[in-house]
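J.: First the structure, then my questions, so here it is.
The values are calculated or read from the model by the stated rules, or taken from the named source; none is laboratory data. Note that the coordinates shown come from a computational prediction; the quantities given were computed from them, not determined experimentally. All Cβ positions, even for glycine, are placed from backbone atoms using ideal geometry, and neighbour counts span all protein chains on display. Ligands, DNA and RNA are stripped out before the accessible areas are found, and what is left, the full protein with its side chains, is counted by its heavy atoms. Shrake-Rupley method; radii C 1.70, N 1.55, O 1.52, S 1.80 Å.
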Amino acid sequence: MRRLMNPRVIGITLGVLALMAVSAYVLKVPLPAIVLPAEPIACIGGHLEPAEHGLHCASGFPFTNSMAATLVADLTIFLVFFFALRNKKLIPSGLQNAVEAVIEWFYTLVEDIAGKENARTFFPIVMTIFTFALFANWWELVPGMDAFGWIVEKHHGDGWARKELFAGVYTLVKEKGHYTLVPWLRTATTDLNVTIAMALIAVAYVQIAGVRFQGWKYFKKFIRPGYMSGGLMATVLDVFVGFLELISELARIVSFSFRLFGNIFAGTVLLFVMPYLIPLFVPLPFYGLEVFVGMIQAFVFAVLTLVFIVMAIISHGEHEGH
Amino acid sequence: MGALTNLGINLNFLITQIIHFLILMWLLKKFVYTPVLNLLDERRRRIEEGLKAAELAREEAARQRAELEKQLEEERRQAQARIAEITRQADQLREQILAEARAEAERIIAAAREEAERERERILQEARKQVAELALVIAQKVVGETLDTQKQHQIIQKFLAGEL
């Protein structure tokens with residue numbers, strides 16, 4: 001408590017509160033536009049053009065705000081690991097200790113679920129999913145994360161008016177107009193491309209692990225082995241069960257990607273709306289909630305991947321034989 | 001495809017993100033997981049070694065301590081035995097000296113007694129002789145005659161022999 005009460009902390013707190021009050025009551029910032037797809041903020045090898053909503057890049061490769069956030073997440077991952085492991089010591093301290101604790105905790109988890117002999121093989125994908133998802137998710141919590149960007153003119157629909165703050169720097173104000181903001185950064189995991197990419201890699205890895213550990217026998221779960229022997233009904237049933245297995249693999253992609261996307265997108269919207277409605281103090285518990293959600297979603301994605309891998313490498317035939 | 005576009009799903013973006021994730025995984029594996037896990041293994045090994053060495057040292061120390069205690073016990077036992085032996089010898093010596101002294105004393109006493117006896121005999125003899133002579137003198141005076149010397153001696157001899 002005494003550490004919280006020193007003049008510097010009080011000064012910073014008051015400063016932040018003043019900034020919040022100014023931004024909420026003086027600038028009258030409008031509710032940000034909630035856009036489902038990621039928006040291009042640059043056009044590699046072409047020109048950005050204004051489109052119906054925001055910007056459009058038809059002539060080159062679009063560089064979206066979620067890609068920018070992906071790189072920002074990568075940068076934070078790099079910085080954390082760089083400073084943690086800059087001069088590794090056998091007797092760790094500080095950040096090295098924290099990073100090692102998380103890695104060791106996860107490694108033990110992988111060992112417990114997948115077995116000691118497979119832990120090294122499966123650890124990288126599980127840990128990378130957790131690390132990337134965690135850092136990407138937690139970027140949602142950084143105030144001002146998606147507050148900066150291009151202010152573009154909308155051709156259709158309602159927008160907000162803009163006001164010049166100083167030389168060429170504009171802000172949107174809470175008046176009717178036809179401008180909108182395309183933020184430079186958008187929490188990476190609120191872009192379905194990111195979560196689907198992760199889900200595809202996870203599910204593909206599950207199939208690869210299954211084949212690596214069981215050989216072609218792995219595919220027997222899709223084409224049931226006994227489907228010619230047990231009469232017509234059994235054959236129909238086996239084909240149907242195999243089909244269900246196939247569907248369940250595909251469903252995993254959807255559930256993986258939409259679970260992460262949905263949770264973090266909802267969190268982002270929550271953190272848009274709460275400060276907009278009641279700017280002071282009230283958003284704090286929601287920030288706490290989102291810290292938790294961001295971590296839990298990253299953890300769930302990683303551990304489910306691990307569980308699916310373990311389910312795939314265990315032979316079904318052996319189990320039925322027992 | 002319209003629904004996918006509305007959700008923002010785009011094949012190019014998807015491929016970009018897949019490549020990004022694979023690169024990230026490769027980099028993390030190469031620069032983070034492998035070194036850190038090796039470091040953890042190394043540390044575990046070192047700690048195990050350290051614990052084992054400490055255990056060995058403790059056992060060694062306990063062993064030496066037991067040995068020392070045994071030696072100490074042995075020495076204490078020897079010292080006690082020696083003390084007992086010396087005490088015993090001293091006692092013996094004392095007894096011996098006492099016995100000798102007692103014997104010497106007895107011998108001296110006996111000698112003294114003998115001497116005294118002899119002296120007494122001698123004095124008694126002397127006294128008897130004088131008494132006899134005195135008696136003769138008295139008798140001469142009483143009788144009024146002088147006995148010859150030879151007769152005197154005979155009488156004294158008789159007296160001394162207890163015949164008178």
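J.: Looking at (1) touching a Ser or Thr at 6+ places or on another chain (Cβ under 6 Å); (2) away from every other protein chain (no Cβ under 12 Å), which one does A:PRO40 not meet, given that it meets all the others?
T.: Here A:PRO40 meets the rest and fails (2).
J.: Condition test on A:VAL99, is it touching a residue at least 60 places away in the same chain (Cβ under 8 Å) and touching a helix residue (DSSP H, G or I) at 6+ places or on another chain (Cβ under 6 Å)?
T.: So A:VAL99 does not fit the description; no.
J.: When residues of the range A:94-146 are filtered for being at pLDDT 90 or above and outside any helix (DSSP H, G or I), how many remain?
T.: The number of residues fulfilling the criteria is 0.
J.: Against the condition loosely packed, with under 10 Cβ neighbours inside 10 Å, hydrophobic (A, V, I, L, M, F, W, C) and over 60 Å from the mean Cα position of the chain (by Cα), how does B:VAL142 come out, does it pass?
T.: yes
J.: What's the number of the condition A:VAL29 fails, among (1) over 29 Å from B:ASN10 (Cβ atoms); (2) within 14 Å of chain B (Cβ to nearest Cβ); (3) touching a helix residue (DSSP H, G or I) at 6+ places or on another chain (Cβ under 7 Å)?
T.: With respect to (1) over 29 Å from B:ASN10 (Cβ atoms); (2) within 14 Å of chain B (Cβ to nearest Cβ); (3) touching a helix residue (DSSP H, G or I) at 6+ places or on another chain (Cβ under 7 Å), A:VAL29 is out only on (2).
J.: Then there's this: Please enumerate the residues belonging to the range A:97-114 that are at the interface with another protein chain (Cβ under 8 Å from one of its Cβ atoms), under 22 Å from the mean Cα position of the chain (by Cα) and not β-branched (Val, Ile, Thr).
T.: The answer is A:TYR107, and nothing else.
Matching residues to (1) touching a strand residue (DSSP E or B) at 6+ places or on another chain (Cβ under 8 Å); (2) farther than 29 Å from A:ALA24 by Cα:
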{"position": "A:ALA114", "(1), (2)": "no, yes"}
{"position": "A:ARG120", "(1), (2)": "no, yes"}
{"position": "A:PHE130", "(1), (2)": "no, yes"}
{"position": "A:TRP138", "(1), (2)": "no, no"}
{"position": "A:PHE148", "(1), (2)": "yes, no"}
{"position": "A:GLY157", "(1), (2)": "no, no"}
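J.: Exactly one of these conditions fails for A:ARG120: (1) in contact (Cβ under 8 Å) with a residue 60 or more places away in the chain; (2) open to solvent by 30 Å² or more (accessible area, probe 1.4 Å); (3) closer than 30 Å to A:LEU250 by Cβ. Give me its number.
T.: (1)
J.: Additional query: In the list A:LEU200, A:LEU181, which residue meets the criterion of being hydrophobic (A, V, I, L, M, F, W, C), open to solvent by 20 Å² or more (accessible area, probe 1.4 Å) and farther than 30 Å from A:SER248 by Cα?
T.: Of A:LEU200, A:LEU181, the one residue that is hydrophobic (A, V, I, L, M, F, W, C), open to solvent by 20 Å² or more (accessible area, probe 1.4 Å) and farther than 30 Å from A:SER248 by Cα is A:LEU181.
Each row is one residue, and each column tells you yes or no for (1) within 20 Å of A:ILE125 (Cα to Cα); (2) surrounded by fewer than 23 Cβ atoms within 10 Å (Cβ to Cβ); (3) modelled with pLDDT of 80 or more; (4) among the charged types (D, E, K, R).
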residue	(1), (2), (3), (4)
A:TYR170	no, yes, yes, no
A:LYS174	no, yes, no, yes
A:GLY177	no, yes, yes, no
A:THR190	no, no, yes, no
A:ASN193	yes, no, yes, no
A:GLN207	yes, yes, yes, no
A:VAL211	yes, yes, yes, no
A:TRP216	no, yes, yes, no
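J.: Right, here's the next one. Filter the range B:13-31 for residues that are touching a Pro at 6+ places or on another chain (Cβ under 9 Å) and within 7 Å of another protein chain (Cβ to nearest Cβ) and give the result.
T.: B:PHE13, B:MET25, B:LEU28, B:LYS29
J.: Checking A:VAL182 against (1) more than 14 Å from chain B (Cβ to nearest Cβ); (2) in contact with a Gly (Cβ under 8 Å, 6 or more places away or on another chain); (3) outside any helix (DSSP H, G or I): exactly one of these is not met. Which one?
T.: (1)
J.: Can you name the residue in the range A:74-96 that is facing chain B (nearest Cβ under 9 Å) and under 18 Å from A:GLY294 (Cα atoms) and, of all such residues, is farthest from the chain's Cα centre (by Cα)?
T.: If we take residues in the range A:74-96 being facing chain B (nearest Cβ under 9 Å) and under 18 Å from A:GLY294 (Cα atoms), then A:ILE77 is farthest from the chain's Cα centre (by Cα).
J.: Kindly provide the set of residues from the range A:6-45 that are modelled with pLDDT under 75, assigned to a loop (DSSP other than H, G, I, E, B) and on the phi < 0 side of the Ramachandran plot, ordered by number.
T.: A:LEU27, A:VAL29
J.: Moving on to the next point. Restricting the search to the range A:75-93, which residues are modelled with pLDDT of 90 or more, surrounded by fewer than 20 Cβ atoms within 10 Å (Cβ to Cβ) and of a type in the set (Val, Ile, Thr)?
T.: Listed by number, the residues that qualify are A:THR76, A:VAL80.
J.: Looking at the range B:3-50, which of its residues are open to solvent by 50 Å² or more (accessible area, probe 1.4 Å) and among the small types (Gly, Ala, Ser)?
T.: Within the range B:3-50, B:ALA3 is the sole residue that qualifies.
J.: Tally time: how many residues in the range B:32-56 are of a type in the set (A, V, I, L, M) and more than 9 Å from every other protein chain (Cβ to nearest Cβ)?
T.: Residues that pass the stated criteria total 5.
J.: Still on this model: Taking the criterion of being assigned to a loop (DSSP other than H, G, I, E, B) and of a type outside the set (Gly, Ala, Ser), would at least one residue in the range A:55-76 satisfy it?
T.: Looking for residues that are assigned to a loop (DSSP other than H, G, I, E, B) and of a type outside the set (Gly, Ala, Ser), one finds at least one in the range A:55-76, hence yes.
J.: Could you tell me which of the residues A:LEU19, A:LEU55 is of a type outside the set (Val, Ile, Thr), away from chain B (no Cβ under 12 Å) and open to solvent by less than 70 Å² (accessible area, probe 1.4 Å)?
T.: Of the residues listed, the single one that is of a type outside the set (Val, Ile, Thr), away from chain B (no Cβ under 12 Å) and open to solvent by less than 70 Å² (accessible area, probe 1.4 Å) is A:LEU55.
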